[in-house]
1. Can you grab the distance from the C-alpha centre of region 184-236 to the C-alpha centre of region 54-96, Å, no decimals?
2. Taking region 1-94, which GluC sites (Glu not before Pro) meet the DSSP loop condition and have no more than 14 other C-beta atoms within 10 Å?
3. Report the extension gain between Asp100 and Glu54 in nm, rounded to one decimal, defined as 0.36 nm multiplied by the number of residues separating them, less their alpha carbon distance.
4. Restricting things to Cα coordinates, could you compute the convex hull volume per residue of region 81-156 in Å³?
5. Could you calculate the contour length gain from Gln270 to Asp138, that is, 0.36 nm times the residue separation minus the distance between their Cα atoms, to one decimal place in nm?
6. Taking the simple approach of a point 7 Å from Cα along Cα-to-Cβ for both Asp221 and Asp113, what is their distance in nm?
7. How about Lys129: which lysines have a C-alpha closer than 16 Å to its C-alpha, ignoring those fewer than 8 places off in the same chain?
8. What full-extension length gain, to one decimal in nm, is calculated for Thr183 and Glu84 as 0.36 nm per residue of separation minus the Cα-Cα distance?
Amino acid sequence: MKVAVAKYAVGMPADFEAFAARQRAMLSEAAHAGARIAVFPEYLALELAATFEERIRSDLRASLAELQVFRDAWLALYADLARETGMFLQPGTFLVDIGDGHYRNRAWWFAPDGRRGFQDKLQLTAFEKETGVIEGGDALHVVDAHGLRLGISVCYDSEFPLPVRAQRDAGARLLLVPSCTDTEAGARRVEVGCLARALENRVFVAQSVTAGLAPWSPALDVNTGEATLYAPMDRGLPADGIVARTRGHQAWAVADLDFDALEASRAEAQVANDFDWPGQLAPGLRQARIED
C-alpha cells in the first residue's frame, strides 16, 4: 500500500479559499503518485492564522480563539478531499476549543467512505504547557483504513513507548506521526522516537513535518526535519530503518509499504522486540535493587 507523508512549507494564505486550493493541489499530487494514505503535519491548521490581522496572528491565544471560525469549513474540506481522492487522510492537527478557553491538539482523520474521527495529542511539550490553554488528551484509538489498522501518535507522543504499544496490541501495523519541530534536536528526538517505535513493535511509521520559516506565527516560526517513512531494522527491510525521506524542497515522500512482508519478516527476524516485549515486564525487573 502506498503511503505519502508531506514536508509542508508553511505559507501565508490570503483566505480560506487559498488554503483549500493548496490542500487540494497537494493531495491531488499524492493521489496521482498512487498513495492510498496521506499525512500532513502537526499544527497545519494554524497556517490559517495568517488570514488574521497582525495583532491576532502574532498572539497564540488570540489566534486559537479566532481559528475556531474555520473549524466546520476545515472539517468539510478534508471530508470532501478524502472522498474526491479516494485516500485516507490525516491532515495534521487542529487545536479545538473544548470550553473555558482551553484547547486540545486534535489529529482528525477522514476516510473516503465518509467516516471520520480523531486522536488527541496526549503528552504536551514545554511550549504547549507554557501556553496555559492547551490540554493533553485522555483516550487512545486505532482505526481501519483500506483494510489496514493504524494508529496516530502526534509528534511528542511518538517518544513514549507504552501508548504506541497499546495501539499495536489493538492491531495497528502503521503509525501516523504528524509532527512540528523548531530545532534540529527536536527533529532528531522525533526521528529517534519513530525509529524506536518501528523497531519495538514491528510496524511502519509515517512522519510528516512542517518546513520553512513563518516569522508571523509564534507556533510555526521555525520548522525543521524531513518527512520520512520508517520500518523496523531487520532482514528484508532497510538497515537504517528509512524507507523513504524528503530532500530539499521535495513536498512528498511516497513509498509502497508491504505489510504482508512485514508480517512474514517475523519468522526470519534477527531480533524480535515485538514478540519479546513481555520479557521486560517480569516481576523481578519492575524495580532495580540497590546493591550494598
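1. First find each Cα centre; the distance between them is then 22 Å.
2. Glu53
3. Answer, rounded to one decimal: 14.1 nm.
4. Values: hull volume 7.1 nm³, N = 76.
About 93 Å³ per residue, rounded to a whole number.
5. Numbers: separation 132, 0.36 × 132 = 47.52 nm, distance 3.61 nm.
Extending this stretch completely gives an extra 43.9 nm.
6. The answer from the label model is 4.6 nm.
7. List returned: Lys121.
8. That works out to 32.1 nm of additional length.
The values are calculated or read from the model by the stated rules, or taken from the named source; none is laboratory data. Just so you know, these numbers come straight off a predicted model, no measurement behind them. Using ideal geometry, Cβ is built from the backbone for each residue, glycine included, and neighbour counts are taken over all protein chains shown. The area values use the complete protein model at the heavy-atom level, side chains included, leaving out ligands, DNA and RNA. Shrake-Rupley method; radii C 1.70, N 1.55, O 1.52, S 1.80 Å.
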